[in-house]
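The values are calculated or read from the model by the stated rules, or taken from the named source; none is laboratory data. Computed from a predicted model, the values in this text were never measured in an experiment. Methodologically, a virtual Cβ is constructed for each residue, glycine included, from the backbone with ideal geometry; neighbour enumeration extends over all protein chains shown. These area figures cover heavy atoms from the full protein model, side chains too; ligands, DNA and RNA do not enter into them. Shrake-Rupley method; radii C 1.70, N 1.55, O 1.52, S 1.80 Å.
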Amino acid sequence: MRAVVVTRPGGPEVLRYCRIPDPVPGPGEVLVRTEAIGVNFRDVYVRTGAYPAELPVPGLEGAGVVVDAGHGGEFAVGDRVAWSYGRAGYAELVAVPVAQCVLVPDGIDRTIAGGAILQGVTAHYLLESVYRPEPGEAILIHAGAGGMGQLLVQWAAARGARVITTVSTDEKEKAAWEAGAWQVLRYGAELAESVRELTGGEGVAAVYDGVGAATFEASLTSLRPRGMLVSFGSASGRVPPLDLQRLAELGSLSITRPLLPHFVHTHAEVLWRANAVFAAIADGTLRVRLGGTYPLADAARAHRDIESRATTGSLVLLPE
Ligand code: NDP
């Protein structure tokens, strides 16, 4: 099969499109011919060596058709499935753990299923299992035009939260308004002050921060007393060490650093979250914005685009 491999950490140029042996599904796995493969910022961390990961083939999520059902009997050859937490995903064939697979309902576009399942499931666990905003509550979601940001803003707004979000350009601002943001701000030294002004001096109940180092301080100081910082990523770099005493001084704040695999621990949990995502897409609560589709062979261009902050929405690789 053809796949994208990384044999040493580095820039986008280390992503090489080549032929490698087909994967053989192990116990509890099915073999899937991919139709759409999601590109996530995490794939950049893996490529650069910032995150330890099983290589040479990067990529976690995708959608496709089962070509070998393995021995479990849960899925049949020909089933259309998607998964948010697999491995070796940038490839024409992927051996996916049955426990991570879900059937893609009729009516859900395969490109959307493969490109947004991971971000959708993550948005679900962040808003459902980490901090559940109340209707009317003000929250801050960083990078509201990004893949994660678009889904988080839409879902939180649909639940009645007043969503303040950050963006870096006019085009991204437009995407954030379209997603249902209540207020859209630019990053910068006055960010926390602007958040306080918008919330009558109080601050927000929660901040969802996937940007990391560049926004961490503003995130902390935007919170109301007893607010929660959900630090779920570090697109701008790792968050520096924190003196816990500051959480007390800033108002008995909470901080958490959640990670997807701990929220898709059982097949029941995978099904719950993924089916909620598909239902939200089907009823129009979530409109997945595809920021770019690329041939699988062009994975390096997709990485360049996401890393340079040039993209909005979710990015997808399409095998030829
Ligand atoms: P995005 O499409 O959101 O791309 C990253 C965005 O971050 C950019 O578009 C940019 O938006 C913003 N950004 C701000 N500063 C920088 C910077 N210095 N370099 C690059 N981008 C910057 O990516 P994803 O949706 O794939 O992921 C978003 C975050 O969510 C990542 O940190 C990722 O690791 C995290 N994540 C975490 C998961 C978890 O379980 N913990 C699961 C899935 C994703 P702008 O230009 O508007 O600032």
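Data for the structure
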{"read-out": "Net charge of Cβ neighbours under 11 Å - reference residue 169; Lys, Arg +1; Asp, Glu -1", "value": "+1"}
{"read-out": "Most fluctuating residue given options 242, 127, 185, as computed from a GNM of the chain linking Cα atoms under 10 Å", "value": "242"}
{"read-out": "Distance between region 112-186 and region 1-70 - C-alpha centres, whole angstrom", "value": "27"}
{"read-out": "Contour excess over end-to-end distance, with Cα ends at residue 243 and residue 67 and 0.36 nm allotted per residue", "value": "58.2 nm"}
{"read-out": "Region 211-298: relative contact order in percent, alpha carbon pairs under 8 Å with at least 6 residues between", "value": "25"}
{"read-out": "Accessible area per residue, Å², region 38-179 with all protein chains present, probe 1.4 Å", "value": "34"}
{"read-out": "Sequence ranges 284-290, 108-114, ranked by mean other-Cβ count within 10 angstrom, highest first", "value": "108-114, 284-290"}
{"read-out": "Computed over region 135-215: relative contact order in percent, which uses C-alpha pairs under 8 Å that are six or more apart", "value": "35"}
{"read-out": "Stretch gain in nm, segment residue 13-residue 252, where the contour uses 0.36 nm per residue and the Cα spacing is subtracted", "value": "81.5 nm"}
{"read-out": "Residue-averaged [θ]222 nm for the chain, counting only DSSP H segments that reach four residues, each worth -39500 (n - 2.57)", "value": "-8000 deg cm²/dmol"}
{"read-out": "Separation of the residue 307 and residue 20 label points, Cα + 7 Å toward Cβ, nm", "value": "1.9"}
